[in-house]
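Peer 1: Structure in structure tokens, see below.
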Amino acid sequence: MIKYLGSKRVLLPEILAAVRAVPGVRTVADLFSGTSRVGHALKAEGYRVLANDHLAFAHALARCYVEADREDVARDAERLVAELGRLPGRPGYFTETFCVRSRFFQPRNGERIDAIREAIRRKGLPPVLEAVLLVPLMEAADRVDSTTGVQMAYLKSWAPRAWKDLELRVPALLPRARAGRGRAHCADALEAARELVADVAYVDPPYNQHSYLGNYHVWETLVCWDAPEFYGTACKRVDCRERRSPFNSRRAFLPALERLLASVASPVLVVSFSDEGFVERDELEAILRTRGEVHVLARDYKRYVGAQIGIYNPRGEKVGRVGRLRNTEFLFVVAPPGVPISLPPARRAGRRRREPPRVASRGA
Ligand SMILES: C[S@@+](CC[C@H](N)C(=O)[O-])C[C@H]1O[C@@H](n2cnc3c(N)ncnc32)[C@H](O)[C@@H]1O
């Protein structure tokens with residue numbers, strides 16, 4: 001799966017434990033699905049998952065990992081991934097924008113990305129099968145990128161992995177879940193909260209001012225394949241300026257979260273919360289109590305790699321100080337009074353494994 005800030009990879013055991021702790025759950029709505037690794041893990045456990053995210057690349061990930069069932073698409077996926085993997089490179093918009101004007105990828109990999117993406121477009125496949133091909137392309141590109149994990153900037157000198165050849169791999173498709181077929185939606189979370197009826201809603205909004213569209217604009221362009229106008233050193237799509245989420249605004253976050261929590265159709269909520277976010281834990285708990293009894297699971301772990309290396313200007317000089325190196329992630333389970341919820345004890349996490357970074361230059 002792709003590198004993604006706020007991905008809940010290390011928190012999966014706790015999220016699964018929280019959902020298992022709720023009696024009688026069959027369907028889970030994931031309102032901010034991101035990489036879909038949470039939906040994928042829930043599907044593997046037999047839950048029917050309804051995933052939602054407002055970004056197109058996250059929608060593709062959810063179609064692949066949540067909606068596509070292995071028995072329906074695996075044969076086509078294997079054949080087409082092998083066919084696409086043999087295509088010679090052909091430079092186009094992607095190479096020009098992300099390998100020449102900026103340096104997110106080596107040009108020879110960019111040329112193959114151009115050729116493969118264009119071939120996928122030409123096939124005019126059903127949307128789920130198309131997503132099952134777009135995801136290996138995104139993941140292959142992610143394995144050879146030259147960033148610290150976000151696309152606000154590329155590295156000053158090439159990351160070691162950027163020298164590797166792009167390699168497509170069939171994604172980890174799952175068979176249909178016992179509880180039924182999953183669905184992937186691409187809507188605003190507020191709308192999804194009202195529309196997606198499930199036994200549990202998992203709520204994992206962004207928690208700071210950094211927009212996911214800005215941080216992952218290359219994936220959005222790769223999936224939309226709309227050759228947008230761009231700006232700045234990082235060649236960000238111009239719509240990064242308008243497509244904002246209230247969850248990325250200190251002022252708008254709390255009212256947006258209150259509206260969302262008030263309108264969630266599911267009776268039980270599992271809410272992810274970091275102590276680095278816009279809201280204090282007490283404030284959040286007060287809102288959650290309006291929905292039912294609040295049960296808490298906490299986990300302390302090392303912060304993301306950017307926090308470990310510090311902040312640099314385009315000349316590679318250190319310009320900022322590193323803040324704290326650990327943070328605490330909380331999971332709140334909010335259930336109607338009287339529903340028995342038994343959560344495992346809190347644990348302290350080890351180091352999160354990442355490639356060693358080089359000095360990052362800040363983009364636009
Ligand atoms: C913290 S990440 C979720 C990470 C995810 N749980 C995972 O493990 O990969 C937050 C996600 O919310 C999405 N998002 C932000 N604002 C949104 C909105 N208003 N409606 C729907 N999705 C939104 C972002 O695109 C991002 O993928």
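Peer 1: Among the numbered criteria (1) more than 16 Å from the ligand (Cβ to nearest atom); (2) among the small types (Gly, Ala, Ser); (3) within 19 Å of residue 185 (Cβ to Cβ), which one does residue 92 miss?
Peer 2: Residue 92 satisfies all of (1) more than 16 Å from the ligand (Cβ to nearest atom); (2) among the small types (Gly, Ala, Ser); (3) within 19 Å of residue 185 (Cβ to Cβ) except (3).
Peer 1: Could you tell me whether residue 42 is hydrophobic (A, V, I, L, M, F, W, C), more than 10 Å from the ligand (Cβ to nearest atom) and over 23 Å from residue 327 (Cα atoms)? Lay out the reasoning, then the answer.
Peer 2: Working: hydrophobic (A, V, I, L, M, F, W, C): yes; more than 10 Å from the ligand (Cβ to nearest atom): yes; over 23 Å from residue 327 (Cα atoms): yes.
Judged against the criteria, residue 42 is a match.
Peer 1: Right, here's the next one. Could you check the stretch 177-208 and list, in sequence order, the residues that are more than 12 Å from the ligand (Cβ to nearest atom) and more than 18 Å from residue 269 (Cα to Cα)?
Peer 2: 177, 178, 179, 180, 181, 182, 183, 184
Peer 1: Now a separate question. Taking the residues in the stretch 12-31 that are surrounded by fewer than 24 Cβ atoms within 10 Å (Cβ to Cβ) and near the ligand (Cβ under 9 Å from one of its atoms) as candidates, determine which candidate is nearest to the chain's Cα centre (by Cα). Steps first, please.
Peer 2: Let us first name the residues in the stretch 12-31 that are surrounded by fewer than 24 Cβ atoms within 10 Å (Cβ to Cβ), namely 12-17, 19-27.
Remaining after also requiring near the ligand (Cβ under 9 Å from one of its atoms): 12, 15.
Numbers: 12: 14, 15: 16 Å.
So the residue we want is 12.
Peer 1: Could you go through the stretch 329-342 and let me know if any residue there is part of a helix (DSSP H, G or I), closer than 29 Å to residue 48 by Cα and modelled with pLDDT of 85 or more. Quick ask: steps written out before the conclusion?
Peer 2: Step one: filter the stretch 329-342 for residues part of a helix (DSSP H, G or I), giving none.
Checked the stretch 329-342: no residue is part of a helix (DSSP H, G or I), closer than 29 Å to residue 48 by Cα and modelled with pLDDT of 85 or more.
Peer 1: Return the residue satisfying two criteria in turn: it lies in the stretch 159-171 and is loosely packed, with under 14 Cβ neighbours inside 10 Å and in a loop (DSSP other than H, G, I, E, B), and of such residues it is nearest to the ligand (Cβ to nearest atom). Give the steps one after another, and end with the answer.
Peer 2: Looking only at the stretch 159-171, we keep the residues that are loosely packed, with under 14 Cβ neighbours inside 10 Å, and these are 160-161, 163-165, 167, 169.
Now drop any that are not in a loop (DSSP other than H, G, I, E, B), which leaves 164-165, 167, 169.
Values: 164: 24, 165: 27, 167: 23, 169: 19 Å.
Here the residue is 169.
Peer 1: Please determine whether any residue of the stretch 2-11 is basic (Lys, Arg) and away from the ligand (no atom under 14 Å from the Cβ). If you could, list the steps in order and put the result at the bottom.
Peer 2: Pass one, the stretch 2-11, residues basic (Lys, Arg): 3, 8-9.
Narrowing the set further to residues that are away from the ligand (no atom under 14 Å from the Cβ) leaves none.
No: zero hits.
Peer 1: Which one is farthest from residue 331 (Cα to Cα) among residues in the stretch 1-11 that are among the charged types (D, E, K, R) and crowded, with 18+ Cβ neighbours inside 10 Å? Full working, then the answer.
Peer 2: First, the residues of the stretch 1-11 that are among the charged types (D, E, K, R): 3, 8-9.
Next, only the ones that are crowded, with 18+ Cβ neighbours inside 10 Å stay: 3, 8.
Details: 3: 22, 8: 11 Å.
Ranking the qualifying residues of the stretch 1-11, first place goes to 3.
Peer 1: Given the criteria surrounded by fewer than 19 Cβ atoms within 10 Å (Cβ to Cβ) and not in a loop (DSSP other than H, G, I, E, B), does residue 194 qualify? Spell out the reasoning first.
Peer 2: On the way: surrounded by fewer than 19 Cβ atoms within 10 Å (Cβ to Cβ): yes; not in a loop (DSSP other than H, G, I, E, B): yes.
Taking the combined requirement at face value, the residue satisfies it.
Peer 1: Taking residue 60 as meeting all but one of (1) among the hydrophobic types (A, V, I, L, M, F, W, C); (2) under 24 Å from residue 126 (Cα atoms); (3) at pLDDT below 95, write down the number of the exception.
Peer 2: (3)
Peer 1: Can you tell which of 253, 247 is in contact with a Leu (Cβ under 9 Å, 6 or more places away or on another chain), surrounded by 14 or more Cβ atoms within 10 Å (Cβ to Cβ), in a helix (DSSP H, G or I) and not small (Gly, Ala, Ser)? Before you say what the answer is, go through the steps one by one.
Peer 2: On the way: 253 fails: in contact with a Leu (Cβ under 9 Å, 6 or more places away or on another chain).
None of the other options fit; the residue is 247.
Peer 1: Among the residues of the stretch 219-235, is there at least one that is over 21 Å from residue 30 (Cα atoms), in contact (Cβ under 8 Å) with a residue 24 or more places away in the chain, assigned to a helix (DSSP H, G or I) and within 12 Å of the ligand (Cβ to nearest atom)?
Peer 2: Checked the stretch 219-235: no residue is over 21 Å from residue 30 (Cα atoms), in contact (Cβ under 8 Å) with a residue 24 or more places away in the chain, assigned to a helix (DSSP H, G or I) and within 12 Å of the ligand (Cβ to nearest atom).
Peer 1: Residues being surrounded by fewer than 24 Cβ atoms within 10 Å (Cβ to Cβ), touching a Leu at 6+ places or on another chain (Cβ under 7 Å) and not in a loop (DSSP other than H, G, I, E, B): count how many of those fall in the stretch 42-72.
Peer 2: Residues in the stretch 42-72 being surrounded by fewer than 24 Cβ atoms within 10 Å (Cβ to Cβ), touching a Leu at 6+ places or on another chain (Cβ under 7 Å) and not in a loop (DSSP other than H, G, I, E, B): 2 in total.
Peer 1: Modelled with pLDDT of 95 or more, of a type outside the set (S, T, N, Q) and within 19 Å of the chain's Cα centre (by Cα): is that true of residue 145 in this structure?
Peer 2: Numbers: modelled with pLDDT of 95 or more: yes; of a type outside the set (S, T, N, Q): yes; within 19 Å of the chain's Cα centre (by Cα): yes.
Here the answer is yes, as residue 145 does meet what is asked.
The values are calculated or read from the model by the stated rules, or taken from the named source; none is laboratory data. From a predicted model like this one, the values you see are computed outputs, not experimental measurements. Because the Cβ atoms are built from the backbone with ideal geometry, glycine has one as well, and the counts that use them run over all protein chains shown.
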